[in-house]
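Have a look at the structure below before the remarks.
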Amino acid sequence: MMHAASFFTESEKGKFRCELCPHQCALSEGQTGLCHVRSIHDGIPVSANYGKITSLAMDPIEKKPLYHFYPGRMILSIGSLGCNFRCQHCQNEEISQCTRSYEGDLEVTAEQVLIDNALQMQKPMIAFTYNEPIVSFEFVEDLARKGNPEDILFAMISNGYINPSPLQRLMKYIDAFNIDLKAFTNDFYKAVTGGTLKPVLRTLESIKKSGKHLEITYLVIPGLNDDPDEFSRMIEFLVKELGKSQVLHISRYFPRFQMDLPPTPLKTIIELQSVAKSHLEYVYPGNIGPELDSNTYCPSCQRLLIERAGYQSRITGLRNGKCINCDTEINVVYE
């Protein structure tokens with residue numbers, strides 16, 4: 001199913017530029033962008049993955065990971081096809097680095113089906129995840145626009161590689177974001193992802209200014225983005241631009257796709273978490289298992305606020321968004 005695509009400009013007869021993301025792909029008839037799914041068909045810019053769902057699951061929201069957005073709740077998670085990055089260590093390369101032939105094998109899912117499924121939940125929520133939601137812009141916007149009046153909340157798990165105008169449109173409908181900040185050097189982004197750093201930082205700042213809930217995931221890859229000085233500079237940026245209450249997940253890498261480096265040593269995660277926690281109030285280890293503490297504590301009095309075991313959460317020390325012991329306001333959305 002082809003669907004008209006937004007954010008294309010015609011530079012000259014039959015030639016178009018996609019302005020959805022910073023790649024700004026220039027396309028002619030029959031050509032497809034770096035994302036694999038946005039192309040020119042019969043002289044019209046189209047989205048080839050509109051409504052095509054490759055993955056559908058009911059997940060704990062902590063799995064996204066979102067630790068400070070309705071902890072303990074379930075969220076309907078959906079994925080499609082395509083990505084505007086080429087991460088060598090991609091966890092879902094089967095759908096993110098897809099081929100056109102794969103696209104043709106999928107059934108088209110109507111927005112109303114997903115909305116009806118979400119409305120069966122105690123707290124209706126839908127997450128766009130698994131592949132990169134940005135390249136499914138039209139479907140994400142349409143589904144969220146229809147779901148918002150039904151009081152469905154929407155989350156995006158994204159690489160943040162999007163231009164300002166489409167981001168502003170999405171933020172009207174998306175309630176929570178988890179953005180992968182993959183490194184703090186442009187060299188890493190170019191070599192490992194095929195993108196650049198600055199647009200991702202701009203996205204983080206824009207989401208923060210919008211008032212929407214934001215969490216960040218940093219996947220630590222040995223020898224590539226685990227330098228303590230580089231990491232410290234990143235933490236300084238986060239504190240300065242996003243504030244000390246910014247939620248950060250520091251996740252352990254495992255070999256996948258084209259990358260066969262050994263898994264991140266547990267020691268490295270512990271050391272970087274210690275650096276981050278000296279400046280940020282909420283820092284969590286990821287991809288670790290039960291070895292490290294993932295609870296939430298009050299940054300003022302250290303009272304246990306949210307207890308976690310795996311992907312299960314239990315609120316133990318919050319009342320009206322504040323610590324029940326010392327009345328400190330906590331950066332968490334719940335009911």
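Note down the net charge around F139, summing +1 for each Lys or Arg and -1 for each Asp or Glu among other residues with Cβ under 9 Å from its Cβ.
Net charge in that neighbourhood comes out at -3.
Net charge near H23: determine it from the other residues with C-beta under 11 Å of the C-beta of H23, scoring Lys and Arg +1 and Asp and Glu -1.
Taking every other residue near H23 into account, the sum is +2.
With a point put 7 Å past each Cα toward its Cβ, work out how far N320 is from E111 in nm, to one decimal.
It is 3.8 nm.
Could you please tell me the mean projected area of the C-alpha convex hull for the range 183-313, averaged over all directions and given in square nanometres to one decimal?
Quarter of the Cα hull surface area: 8.6 nm².
Taking the alpha-carbon set of the range 1-153, what are its Rg and Dmax in Å?
16.2, 53
Rounded to a whole number of µm²/s, how large is the Stokes-Einstein D of the range 295-335 at 37 °C and 0.692 mPa s, given Rh as the Kirkwood radius over C-alpha pairs?
For the chosen part, D equals 324 µm²/s.
In the chain, what percentage of the DSSP-assigned beta bridges are antiparallel, given to the nearest 5?
Bridges in the chain are about 55 percent antiparallel.
With r as the distance between the Cβ atoms of A57 and D151 and R0 = 35 Å, compute the FRET efficiency 1/(1 + (r/R0)^6) and round to 0.05.
The value I calculate is 0.95.
Rounded to the nearest whole Å³, what is the per residue volume of the convex hull around the Cα atoms of the range 55-292?
That works out to 122 Å³ per residue.
Under 5 Å between amide hydrogens, which residues at least 5 positions from L153 or on another chain qualify, with H placed 1.01 Å from N in the peptide plane?
Sorted by chain and number, the residues that satisfy this are M125, I126.
Could you work out the relative contact order of the range 1-58, using alpha carbon pairs under 8 angstrom and six or more residues apart, expressed as a whole percent?
31 percent
Please compute the contact order of the range 16-165 in relative form: average sequence separation of alpha-carbon pairs under 8 Å and at least six residues apart, divided by the residue count, as a percent.
After rounding, I find 25 percent.
Describe numerically, in nm with one decimal, the distance between label points set 7 Å from Cα along Cα→Cβ at H279 and at Q31.
Result for the modelled spin labels: 4.1 nm.
If every alpha-carbon in the range 3-47 counts as one equal scatterer, what log10 I(q)/I(0) does Debye give at q = 0.16, 0.18, 0.31 1/Å?
Reported log10 I(q)/I(0), two decimals: -0.30, -0.39, -1.27.
Normalising by the residue count of the chain, find the relative contact order in percent from Cα pairs under 8 Å and 6+ residues apart.
In percent, rounded to a whole number, it is 14.
Tell me, in nm to one decimal, what length is gained between F254 and S300 on full extension, where the rule is 0.36 nm per residue of separation less the Cα-Cα distance?
The span from F254 to S300 would gain 13.1 nm if fully extended.
Where does each of 108-114, 8-14, 294-300 land if you order them by average Cβ count within 10 Å, highest first?
294-300, 108-114, 8-14
Quick one: Kirkwood hydrodynamic radius for the range 87-183, alpha-carbon pairs, angstrom, one decimal?
Hydrodynamic radius (Kirkwood, Cα only) of the range 87-183 equals 14.6 Å.
Between K172 and L266, what's the calculated FRET efficiency when r is the beta-carbon distance and R0 is 41 Å? Round to 0.05.
Rounded to the nearest 0.05, the efficiency is 0.50.
Given a Förster distance of 22 angstrom, what is the FRET efficiency for L119 paired with Q312, based on the Cβ-Cβ distance and rounded to 0.05? It would help to have the intermediate numbers written out before the result.
Numbers: r = 24 Å, r/R0 = 1.08.
With R0 = 22 Å, the Cβ-Cβ based efficiency is 0.40.
Here, each number is a calculation from the coordinates, and none is a lab measurement. Note that this is a predicted model, so its numbers are computed, not measured. Methodologically, a virtual Cβ is constructed for each residue, glycine included, from the backbone with ideal geometry; neighbour enumeration extends over all protein chains shown.
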